[in-house]
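Inspection log for the structure reproduced underneath, given as structure tokens.
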Amino acid sequence: MASADGRKKLRIYFRCSLVGFVTGLFAGFLVSSLVCYFLSRPVSKVHHEPENNTFREKQGGSKEAIHTAHLLLNHTGSRQDNTLQWQGGPSLGRSFIYGFTLAQGSLQTQRSGIYGVYVQMTLAQCIQARGQGTELTEVKTLTIGILSAQGRHSSLLRRHFQGRCSLSASLQMNLSYQDTVYVNLTYPLMPSPNGDETFFGASWLCPPPPAED
């Protein structure tokens, strides 16, 4: 009797083991199939809209655009006052203008920030003063100034030729949106038209410093 009960329990044990084995095998197969299915699916690509280069800052300037210019003299027309007229573009040779606009021949910013500005001015038909006995009959001055969007003028740099035929200068300045940077040369002095002697340019360097509390 005991032997029959033992055999019965043994059969039940083997049956349960077999069922467990088959169940585990099926579950493993199912899990493996699901894993293979998901791995074999094509990865859906996240679609990114291209950045809109025409997006403008609240100030009016493009966030990602380059803001730099190297200008040469505009020779069309005759000088009427101290302010020089400039022009830029590939047709002029090594001249360019990006991010700025030209306002009556001067550079107008389209983005606030810190700018590096430079100028070189060479006088045409200049006789350089030599020795201590030379008398200068007039003051020859080169000036970089700003006309703000509100119509206020301010001088940022002023240099005197003092008998020299050429001057160069550079500086950094904090400019606001639509400030206009201009160059004045004492009238009626004539600048050299050569692009390697007379030029003017600016480049955006970084955003303006945060306002102090």
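Throughout, read-outs are computed from the coordinates displayed, never taken from laboratory work. Treat the numbers as computed from the prediction; the structure is a model and nothing was measured. All Cβ positions, glycine included, derive from the backbone under ideal geometry; neighbour counts span all protein chains shown.
Overview of results
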item: Length added when fully stretched, TYR98-ARG164, from 0.36 nm per residue minus Cα-Cα; result: 20.5 nm
item: Protection proxy ranking, peptides 162-170, 79-87, average beta carbon neighbours within 10 Å, highest first; result: 79-87, 162-170
item: Distance (nanometres) between label positions extended 7 Å along Cα→Cβ at GLN80 and CYS206; result: 4.2
item: Taking PHE200, PHE100 and counting other C-beta atoms within 10 Å, the order from fewest to most; result: PHE200, PHE100
item: Ranked THR141, THR198, criterion: other C-beta atoms within 10 Å, fewest first; result: THR141, THR198
